[in-house]
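Worksheet for the structure shown next.
Derivation of every value follows stated rules applied to the coordinates shown; laboratory data play no part. This structure is a prediction, so every number in the text was calculated from the model and none was measured. Counting neighbours? That spans all protein chains shown, and the Cβs are built from the backbone with ideal geometry, glycine included.
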Amino acid sequence: MSDAQLVCVVDDDESVRLSLRALLEASAYTVNDFDSALRFLASDALGRCDCLVVDVRMPEMNGLALQEELNRRGRVFPVIVITGHGDVPLAVRAMKAGALDFIEKPFDGEVMLASVGRALEVSRATRDEAAEARAAKDLLDLLTPRERNVLEQLVAGRSNKVAAYELGISPRTVEIHRARIMDKFNVRSLSEVVRIALTATRFG
Amino acid sequence: MREARPAGKGQSNVKSGAGANRHDVLLRALLETAVDGIVVIGELGAVQIFNSACERLFGYDSGEVEGRNVSMLMPEPYRSAHDGYIAHFRDTGEKRIIGIGREVRGLRKDGSDFPMYLSVGEGHIDGERFFVGIIHDLSAIREEQHRRQAADRHLAAIVESSDDIILSMDLAGRVTTWNEAATRIYGYGPHEMIGELIDRIIPADRRNEEQEILDLICKGKKISHYETARLRKDGSEVLVSLALSPIFDAGGRIIGAAKIARDVTEERRREAETARLRAALAHAARLDAMGQLSASLAHELNQPLAATMNYANAARRLLATKGGGEKAAPLLDKAVAQVVRAGQIIQRLRSFVEKREFARAREDINDIVREAVALGYVGMADDGVVLRTELADGLPPIYADRVQIQQVLVNLLRNAGEAMRDRPVRLLSVSTYGPGEALVGVTVADSGPGLPQEVAEQLFKPFVTTKEQGMGVGLSICRTIVEAHQGRIWTSAPAGGGTAFHFELPAGGEP
């Protein structure tokens, strides 16, 4: 499950950071830890990170600022924010900034592990989707401009007739293009064609 | 003077000196140069000789007196009694004054009288009896005596009316004088104490103390501000502050001790009450400070709790796996260490908010600073405040209330942190220093905007605050605490900006 996935822990408090690392490693996760947001941003772990666990209160750059910086850079791995007592407003801001979860200290290890597990699944799914999207885009690239026009009409839910009218061609020609598209996509149904088209556009 | 014989009966014989032989000249010289008055009277009291000293003493010329009854020189009641004396002596031969002398009064021409010592002798010429009176003026002596007596009475009145106990005793510790205040405060009257041993009012466990004092007195030493306890007649104790000095006799030998004792029971009670109030106020201020620190402290406490939980959970998971026990053991050790850390935080907190009396002990200023920083710097690191501590080596110990000095520091640290909240650079520096052999100093400096002049002037007054939270008593209490330690606290504006608070305490690990 956790074979190649990497969990990154960022917390300035050494005891919390190292103990969290121990907990995650006891669950066989691969962990990198950092004592500041800036160190994390500067490391090569940034590119391999599947799940970030970050303390919201830190000097220099706090957890929230790190999240914002990651968003700005287009890094999309799930973020779990650790908060102390009384930091609920910060936690809410973290969620709005796209955090997957926030966990109040002191936390039950099971809660943390469950959250990390979920995050890694999301990460994997996200990575799978990204791969699918890339594949779908590759398929789209095989189409001629006219075939693309026809595909757009089909994704928009138009019938052969309407599509033919819109494009100023005969319904028969639309059918021929459709068959070619299904051929190039190597699928048997129109619904599969639409799904590939949507997947390709998801990660524009 | 018995041998001195008048040269003749008549005044002319003595005064004129006509036909005087050598003996007469000597006699006249004696009469005229004598400092004391010499008067010779006949058997019936008529004055025959009245020398120059008499003229000076009584203000009469001899011519005005000679031939007249000597009683003119006496005020009542001597005057009326005089004829009777002479008659009595004549009739009975019983001497009242003759050959002995006594103190009587003389009457001057101007009507005033004066004390004099009169000695009278008796003689006969040709079977006729005469009396010689020598008059020694006692005015000056009496005046001096009166002055002394007045001074003594004055002194006695002061001693008696003194609120302080004043008494004296001999070197054996026996009471020789005992004033009104001694009676009032100790309950024993002078009749009960004079001649008695002072031990009576000294608690049994303090007797050797009194002996040590007497030993010092015997060496001529003075003792002052010596606080001790004494026993009242009713058995209760009274706290007194003693001052003793040796009493010397005319030969300069020490013969006893004069002792002034002030009843300081009430004073000490009031001081204790003040200290109690100050401690209560300081406690209230600590609670106030803790209230403001609570969020940061909860966070601080959460860290070891979170770490403990993590280590424990990690260990549990490892123990569930094959051969995980070996890996789990060090994690459990780490969990224990974190629990200890949490315990220390709670311990520190508890002693800080505990209601307690002002209690001083021998302390190391650096230890106090380290503990105070652990409390006062809480949460500041997360806000980007950089702490720099420079603790000087080899500082002398101080005699201080640890918690109250920590309170001063926590207050200064929190103020510094708040002052820097909106500043790009947040540098908090804490240092200790030894400004002199007898002092230790602490400086807490920030990189805040500095203090406006009008705030700086009001700074240590109560209820003056620039903050929205808190009572505004923090710095006023800091000053109260520092001054209760005989120290001082002040601010300065460092050259590089910001504000520095300094306080200095006297060194010395003993009261």
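The table that follows gives values for the structure above.
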item: Percent RCO, i.e. relative contact order, over segment A:6-131, from Cα pairs under 8 Å lying at least 6 residues apart; result: 22 percent
item: Number of partner chain Cβ atoms within 10 Å, mean per residue of A:103-110; result: 6
item: Sorted by Cβ density within 10 Å, fewest first, the residues B:ARG56, A:ARG195; result: B:ARG56, A:ARG195
item: Subset of A:LYS161/A:LYS184; B:LYS219/B:LYS259; A:LYS105/B:LYS322; A:LYS105/B:LYS334; B:LYS222/B:LYS259 violating a 20 Å alpha-carbon distance limit; result: A:LYS161/A:LYS184; A:LYS105/B:LYS322
item: Between segment B:63-132 and segment A:51-114, the Cα center-to-center distance that results, in Å; result: 127 Å
item: Proxy reagent accessibility, fewest Cβ within 10 Å first, across B:LEU30, A:LEU113; result: B:LEU30, A:LEU113
item: Test item: A:52-59 mean partner chain Cβ contacts at 10 Å; result: 3
item: Under Karplus coefficients 6.51, -1.76 and 1.60, residue-wise ³J(HN,Hα) of segment B:422-430 in Hz, glycine/proline x; result: 9, 9, x, 9, 10, 10, 10, 10, 10
item: Förster-model FRET efficiency, 25 Å R0, B:GLU390 and B:GLN344, C-beta, rounded to 0.05; result: 0.60
item: Relative contact order of segment B:205-320, defined on C-alpha pairs under 8 angstrom at six or more residues apart (%); result: 15 percent
item: Rounded tilt (10° steps) of B:139-161 against the dominant C-alpha axis of chain B; result: 30 degrees
item: Residues whose placed amide H lies under 5 Å from that of B:THR389, excluding near-sequence neighbours; result: B:VAL430
item: The protein assembly as shown, helix-only ellipticity at 222 nm - DSSP H runs n ≥ 4, -39,500 (n - 2.57), divided by all residues, nearest 500; result: -15500 deg cm²/dmol
item: Three-way shape label, segment B:365-484, alpha-carbon gyration tensor, a/c 1.5; result: oblate
item: Listed peptides B:190-198, B:309-317, A:54-62 by packing density, highest first (mean Cβ within 10 Å); result: B:309-317, A:54-62, B:190-198
item: Per-peptide average of other Cβ atoms within 10 Å, ordering B:334-347, B:359-372 highest first; result: B:359-372, B:334-347
item: For segment B:69-84, 3J(HN,Hα) per residue [Karplus equation, 6.51 cos²θ - 1.76 cosθ + 1.60, θ = phi - 60°, Hz, x = Gly/Pro]; result: 5, 4, 4, 5, 8, 10, x, 5, x, 4, 4, 5, 7, 5, 4, x
item: Length-normalised contact order of chain B in % [C-alpha pairs under 8 Å, at least 6 apart]; result: 7 percent
item: Computed lengthening from B:ASP24 to B:SER351, 0.36 nm per intervening residue step minus Cα-Cα distance; result: 106.9 nm
item: Cβ neighbours within 10 Å from other chains - mean over B:295-306; result: 6
item: Cα gyration tensor, segment B:11-138 - rounded (a/c under 1.5), prolate or oblate; result: oblate
item: Relative packing of peptides B:59-66, B:414-421 - highest average C-beta neighbours within 10 Å first; result: B:414-421, B:59-66
item: Size of segment A:54-204 as Cα extents on the principal axes (Å, biggest first); result: 68, 26, 22
item: Dipole in debye (nearest 20) - segment B:270-506, about Cα centre, beta carbon charges: Lys, Arg +1; Asp, Glu -1; result: 860 debye
item: Footprinting exposure proxy for B:HIS299, B:HIS124 (fewest neighbouring C-beta atoms within 10 Å first); result: B:HIS124, B:HIS299
